[in-house]
Amino acid sequence: MTPGEPTAPPAKPGPAKGQLRVPHHGGVDDANFCPGFQEEPGWLACLEDAMRLVNRDVAATGIRRPCQLRVHDDERNWSLNAYVETWDGYTGTGPGIYPASGADPVSALIAVAEDAQDALMHALSAAWPACPVHRLGAHARDHQEAAVWWCAGDGGHAVTAIGEWQGR
């Protein structure tokens, strides 16, 4: 190198082994980047599997038509979350299902069950599903590392694993 010759800036270190290098998207803070279904298609597949299990519970409670998992994919919509839609177009009132919920089966089941419950309660104008013992609305939750329908009656108990509802 000769005096006065410009020096190149030092090279930026690459990601550590096993880390994801996130491309810079013009103004997007890489540290706050959250991958979506395009970057992680397996997450959507996991949510679709969860929807099939939740639809087993829908059928077991006497509802003849299944719900559908949808994804907002139009450019006008800022949300790329998935959501559950009933046969007659009802959806939940929340933000839907975040893509990262599909990162593991238990989280996927809970997220899809919660969104389906919200949509179904709007469609039915009633609590869904209801604990057969206490007749209280059951809610999706993680219990001992499993996705279950939980009833608050008598101090709380698991009604059944999500996808395994029995009878009406």
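From the list LEU69, LEU80, LEU109, which residue is in a loop (DSSP other than H, G, I, E, B), under 25 Å from PRO35 (Cα atoms) and hydrophobic (A, V, I, L, M, F, W, C)? I'd like the intermediate steps shown before the answer.
Numbers: LEU69 fails: in a loop (DSSP other than H, G, I, E, B); LEU109 fails: in a loop (DSSP other than H, G, I, E, B).
Answer to the check: LEU80.
Mind checking which residues of the stretch 116-168 are in contact (Cβ under 8 Å) with a residue 60 or more places away in the chain and in a loop (DSSP other than H, G, I, E, B)?
Result: TRP128, PRO129, ILE162, GLY163, GLU164, TRP165, GLN166, GLY167, ARG168.
Could you count how many residues in the stretch 96-106 are outside any helix (DSSP H, G or I) and buried (at least 20 other Cβ atoms within 10 Å of the Cβ)? Steps first, please.
Filtering the stretch 96-106 for residues outside any helix (DSSP H, G or I) gives 96-98, 104.
Applying the additional criterion that residues be buried (at least 20 other Cβ atoms within 10 Å of the Cβ) yields 96-97.
Number satisfying all stated conditions: 2.
Out of everything in the stretch 39-51 that is touching a residue at least 24 places away in the same chain (Cβ under 8 Å) and surrounded by fewer than 14 Cβ atoms within 10 Å (Cβ to Cβ), what residue ends up being nearest to LEU120 (Cα to Cα)?
Taking the stretch 39-51 first, the residues touching a residue at least 24 places away in the same chain (Cβ under 8 Å) are 40, 42-47, 49-51.
Those still in the list that are surrounded by fewer than 14 Cβ atoms within 10 Å (Cβ to Cβ) too: 42, 45.
Working: GLY42: 26, ALA45: 22 Å.
My answer is ALA45.
If I go through the stretch 121-168 residue by residue, how many of them are in contact with a helix residue (DSSP H, G or I) (Cβ under 9 Å, 6 or more places away or on another chain) and not β-branched (Val, Ile, Thr)?
Here the count works out to 25.
Could you list, in sequence order, all residues of the stretch 159-168 that are surrounded by fewer than 15 Cβ atoms within 10 Å (Cβ to Cβ) and at pLDDT 95 or above?
The answer is GLU164, and nothing else.
Consider the stretch 25-66. How many of its residues are part of a loop (DSSP other than H, G, I, E, B), aliphatic (A, V, I, L, M) and either modelled with pLDDT of 95 or more or closer than 20 Å to THR160 by Cβ (or both)? Walk me through it before giving the result.
We begin by selecting, within the stretch 25-66, every residue part of a loop (DSSP other than H, G, I, E, B); these are 25-29, 33-40, 61-66.
Cutting the leftovers down to aliphatic (A, V, I, L, M) gives us 28, 63.
Now narrow it down to the ones that are either modelled with pLDDT of 95 or more or closer than 20 Å to THR160 by Cβ (or both): 63.
Of the residues in the stretch 25-66, 1 are part of a loop (DSSP other than H, G, I, E, B), aliphatic (A, V, I, L, M) and either modelled with pLDDT of 95 or more or closer than 20 Å to THR160 by Cβ (or both).
The values are calculated or read from the model by the stated rules, or taken from the named source; none is laboratory data. All values reported here derive from a predicted model rather than from experimental measurement. Using ideal geometry, Cβ is built from the backbone for each residue, glycine included, and neighbour counts are taken over all protein chains shown.
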